[in-house]
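Worksheet: one structure, shown below.
Taken together, the values in this text are just the output of simple stated rules run on the coordinates, not laboratory data. Worth saying up front: this structure is predicted, and the values here are computed from it rather than measured. Note: ideal-geometry Cβ built from the backbone for every residue, glycine included; neighbour counts use all protein chains shown.
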Amino acid sequence: MPRRNELSLNKKEAVSEMPTEKFAAPRTRRSQDFASSEAEIQQLSVARYTYPQQMIRKRIFAVYLKVAFNYNNRSIGFIAGLHYNMVGFWIKVYQEKGFDGLLTNNYGTNKSELENHAENITASFLQQPPVNISEAMQRISEMTGISRSEQQLRVFMKRHGLKLNKKCKR
């Protein structure tokens, strides 16, 4: 069994051999160096704690670390909990659009192609409601050239207040 002094010596050696790559000092050569004023750094510093949305606070914090300390993107990503590619993306957004670019939230902004034809579809369905969803699919496809699944058409019809004509002719 190793003596106590030998064991502590081995621990010290093990600690000194630990890789410090993740926590290394910033590199001297940077591709994304940019100058910022003290006012911009102060604005980022305050907003990284006070902005109401956590997702945007992370962005601000990542850019703050780059502006204030010039860390590399991997280190910033590790510290802020972001992927280093996203760190680079938000730094680029900050360079191009400034602080307001970091505050944008473009999630959920996709628009259906059927929305461009909503007036025509609504007018047609109010004049002569389809009996079933298959008929609605066929009519929309003929009017617009766009084909969608039954579920997507049900959602579209519900969003526009349209209903199927359930009175079947027997």
If you average 1/r over all unlike Cα pairs in the stretch 73-140 and invert the result, what Kirkwood radius do you get in angstrom?
16.1
Sorted on mean Cβ neighbours within 10 Å (highest first), peptides 46-53, 107-114 come out as 46-53, 107-114
Skipping prolines and chain starts, which residues have an amide H placed within reach, meaning under 5 Å, of the one on VAL131, given they are 5 or more residues away or on another chain?
ASN165
Determine, for each peptide in 36-44, 87-95, 59-67, the mean count of other beta carbons within 10 angstrom over its residues, then list the peptides with the highest first.
59-67, 87-95, 36-44
Using a Förster radius of 41 Å, what is the FRET efficiency between ALA68 and LYS111 based on their Cβ-Cβ separation? Nearest 0.05, please.
0.60
Report the residues of the stretch 64-78 in range of a label on ALA35: point 7 Å along Cα→C-beta, backbone N strictly under 19 Å from it.
66-71
If the chain between LYS92 and ILE79 were fully stretched, how many nm would it gain, using 0.36 nm times the residue separation less the Cα-Cα distance?
2.8 nm
For ASN72, which sequence-distant residues (separation of 5 or more, or a different chain) have an amide H within less than 5 Å of its own amide H, given hydrogens modelled in the peptide plane?
ARG27
Please express the Cα-Cα pair-distance distribution P(r) of the stretch 97-170 as a list of whole percents, one per 5 Å bin, running from 0 to the bin with the greatest distance.
3, 14, 24, 21, 10, 7, 5, 6, 5, 3, 1, 0, 0, 0
